[in-house]
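> Here it is, the structure in full.
The values are calculated or read from the model by the stated rules, or taken from the named source; none is laboratory data. Keep in mind it's a predicted model, so treat the numbers as computed, not measured. Cβ sites come from the backbone with ideal geometry, for glycine too, and all protein chains shown count toward neighbours.
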Amino acid sequence: MASQAIENIEREEGFRGTVYKDSLGFDTLGYGTKMPIIEEEAELILIYRFEIMQKELDEKLKNRKIETKAMDILYEMAYQLGVPRVLKFKNMLNALENGDFLEASKQMLDSAWHRQTPERCERLAERMRLLHNGVREETAN
C-alpha cells in the first residue's frame, strides 16, 4: 500500500525543515526532496500555508465585521507578515470595522511594513483605498 511506502520513506529519509546537503551533496529539503522544487510543489506549499493562516486570522477576527474584499487584503498581509503582526494594526482594524477604507489605507502606509516593503504595501493600500469608491461586498465575519 502506498501509505506504508510513504511512512517508510519518511522514516528512512528523516525530516529536515531547512535546506541541507544530502549524502551526494545535493541541496535537499523535507523528506529527501531535492532542490530546486518545481512551481507546482511551491504552489502546494503556498496553498497549505495560506489555508492555515486564513483559519487563524478568521478565528482572531471572528467578532469583527469586515468586508470580504478587505479581508482578502488582510489575508495577503498576513501571508507576508504573519497573523500576529497584522493584529498589531489596531487602528487599521478598527477603521475596517467601521467601513473606513481610506483610514485603513492610511494606517497601512504609516507602518514599519511600508518602510520594509514599500511597493507591496503601497499596492495593497491602494486596493484598500479603492474599496472606499463603493467596491463593497458582504462581510466575511
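> Would you mind finding the one in MET35, MET1 that is modelled with pLDDT under 95 and surrounded by fewer than 16 Cβ atoms within 10 Å (Cβ to Cβ)?
Answer to the check: MET1.
> Out of (1) at positive phi; (2) among the small types (Gly, Ala, Ser); (3) out of contact with any strand residue (DSSP E or B) (no Cβ under 8 Å at 6 or more places or on another chain), the odd one out for GLY99 is which?
Single failed check for GLY99: (3).
> Within the stretch 50-61, does at least one residue satisfy the condition of being out of contact with any helix residue (DSSP H, G or I) (no Cβ under 9 Å at 6 or more places or on another chain), within 29 Å of TYR20 (Cα to Cα), hydrophobic (A, V, I, L, M, F, W, C) and part of a helix (DSSP H, G or I)?
yes
> Across the stretch 15-32, what is the total count of residues that are exposed (fewer than 11 other Cβ atoms within 10 Å of the Cβ) and in a loop (DSSP other than H, G, I, E, B)?
4
> ARG49 fails exactly one of the following numbered conditions: (1) closer than 30 Å to HIS132 by Cβ; (2) surrounded by 11 or more Cβ atoms within 10 Å (Cβ to Cβ). What is the number of that condition?
Only one criterion is unmet by ARG49, namely (1).
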